[in-house]
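In what follows, a structure is listed as structure tokens, so that the remarks can point back to it.
The values are calculated or read from the model by the stated rules, or taken from the named source; none is laboratory data. Given the structure is predicted, the values throughout are model-derived calculations rather than measurements. Backbone-built Cβ (ideal geometry, glycine too); neighbour counts: all protein chains shown.
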Amino acid sequence: MDNLPILSMITYAPLLGALVLFFTPRVDAATSRQVAIGAGVLAFILSLAMLVSFDVNESGMQFTEHIEWLPDVGVNYDFGVDGISAVLVVLTTLLALVGIIASTSITHRRREYYISLLLLETGMIGVFFALDLFLFYIFWELMLVPMALLIGVWGSANRVYAAVKFFLYTLFGSLLMLVGIVAIYWENINLGNAPTLNILDLAAVQYSDTLQFWVFLAFFIAFAIKVPMWPFHTWLPDAHVEAPTIGSVLLAGVLLKMGGYGLIRFNLSLTPDAAEDLAPYIMVLSLIGIIYGALVALVQPDMKKLVAYSSVSHMGFVTLGIFALNMQGLYGAMIVMLSHGFVTGGLFLCVGVVYERAHTRLISAFGGIVSRMPVYSVLFGVLMLASLGLPGLSGFVGEFLALVGAFNSYRWAGVIGMFVVILAAWYMMWMFQRVVFERAPGEPPDPHDNALPAVSGASADVHDHDDEWPVDEHGVPQWPDLNRIELATILPLVLLTIVVGVWPEPFMELMRTTLETILIPFGSQGV
């Protein structure tokens, strides 16, 4: 496999599918779906082949690809993968494939929808493989456009507002990152080195404290917007709520991870002194985000918005672990990112399942689902327990390690973080109780459900579409349980949540040498 450009093959497999669809304008919806699934399956299989061949004992980049592009200015086509990017790429190809398969509710402009989805996958994979800052920036911007289209064209009532807000926030961060790239590029030349934008070469140079501070801030704000950290998070709830279900899955499962990946790859590697100096302040922002996201989630009447704000809270553990600047913290941050992809992606799929049946996401519109949809209730329950951090599931492993890392570096941060974990149990169990159990079997629905106010694009009238399903003697719709496609997309995420929770060692071993290398500049804190 060393002789094959495996990384480029993984990256451009979705692009190949998008090009096939683009140049066949008369293709029907069924064929468009088949082409998209084929491209998604190919990318996923190739990523698994890359993972199987990956040497966990090698600390450097593997399967590297180098093509001279603009050698006079130091810009080259450089691809490579290490322990952290390998994990995130497989997560990306898995969730993209799940998203393509689950896109059965899209009824208009389906060819364009699948083109956008495949272009988005290409951009996301390229971000994790690119070792040249110029190439990284191209993939970072490539990902922006199709995601905005998915929200703005196939989203809910306020989709245009949410798409523009997402676009502007991300573009602002991108421009700041571009300033940081230019600054570190010229500083490297001023120090007498050859022009280069290779991340590994730039990380080997010692920069002044002043430059590190400003470059750190430029990269940090760009990635903090993507994570998103408080107070840069305000675009996320609107984007999640208005996006189609699969847009929310990829937004939570992959796009947010780009922020965490960027903080590790760039902020820790390029500007380690600034990272160490500013770490206590970022820990404070992380704790505020954890608490704020959980408290706001507690008062949400919309299921999708509740899960969206839970992402703000959970991703706070990622930044908490990263800036603990020790192995436990980085292990925790990476496991939280991996787990969050499975768990929150699965939760958004679960919200989409009931929305397709009830045409509303209002929590008060549901109740007693367990009697009508027992399989759904079980899978939804496992994902809910993983989200709140039940031991034995993936959510616990990551957050526990992140908190241990924070406690070892900044005891006050670890103590506060330990106490606020209970908030996740509060809002997740509150939602699950009301949706799945609260209304007893055979109990008539709440008559006030028919007059619920509209919330962020959700249907105000719970029973507008009840004639699609048979009803019992009380007029309660008898929604069917999960169909084969819904089960095939949710069940793998549930199983992975259990596997990572019970046996996290293989995933940690995959990242071990990479994380040890990243922590070398931090001396004893990396032990």
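For this structure, a couple of remarks:
- Positions within segment 250-298 being farther than 30 Å from Gln433 by Cα, touching a Phe, Trp or Tyr at 6+ places or on another chain (Cβ under 8 Å) and of a type in the set (S, T, N, Q), in sequence order: Asn267, Thr271
- Residue in segment 410-418 that is hydroxyl-bearing (Ser, Thr, Tyr) and in a helix (DSSP H, G or I) present: no
Results for (1) modelled with pLDDT of 90 or more; (2) farther than 17 Å from Leu119 by Cα; (3) in a helix (DSSP H, G or I); (4) of a type outside the set (Phe, Trp, Tyr), shown as yes or no for each residue.
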{"residue": "Ile10", "(1), (2), (3), (4)": "yes, no, yes, yes"}
{"residue": "Pro14", "(1), (2), (3), (4)": "yes, no, yes, yes"}
{"residue": "Gly17", "(1), (2), (3), (4)": "yes, no, yes, yes"}
{"residue": "Ala36", "(1), (2), (3), (4)": "yes, no, yes, yes"}
{"residue": "Ala43", "(1), (2), (3), (4)": "yes, no, yes, yes"}
{"residue": "Met50", "(1), (2), (3), (4)": "yes, yes, yes, yes"}
{"residue": "Asn57", "(1), (2), (3), (4)": "no, yes, no, yes"}
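- Just one residue in the set Phe166, Phe219, Phe223 is more than 27 Å from Leu70 (Cβ to Cβ) and either surrounded by 17 or more Cβ atoms within 10 Å (Cβ to Cβ) or β-branched (Val, Ile, Thr) (or both); that residue is Phe166.
- Subset tally (residues that are touching a residue at least 24 places away in the same chain (Cβ under 8 Å) and closer than 28 Å to Ile67 by Cβ) for segment 17-34: 4
- The single condition from (1) in contact with a Gly (Cβ under 8 Å, 6 or more places away or on another chain); (2) within 28 Å of Leu133 (Cβ to Cβ); (3) among the small types (Gly, Ala, Ser) that Ala102 fails is (2).
- Flag if Val299 is surrounded by fewer than 22 Cβ atoms within 10 Å (Cβ to Cβ), at pLDDT below 90 and aliphatic (A, V, I, L, M): yes
- On the stretch given as segment 66-104, residues that are of a type in the set (A, V, I, L, M), at pLDDT below 90 and in a helix (DSSP H, G or I) total 2.
- When Asp302 is tested against the conditions (1) of a type in the set (D, E, K, R); (2) touching a strand residue (DSSP E or B) at 6+ places or on another chain (Cβ under 7 Å); (3) closer than 16 Å to Leu250 by Cα, the lone failure is (3).
- One residue from Val353, Val378 being touching a residue at least 24 places away in the same chain (Cβ under 8 Å), assigned to a helix (DSSP H, G or I) and of a type in the set (A, V, I, L, M): Val353
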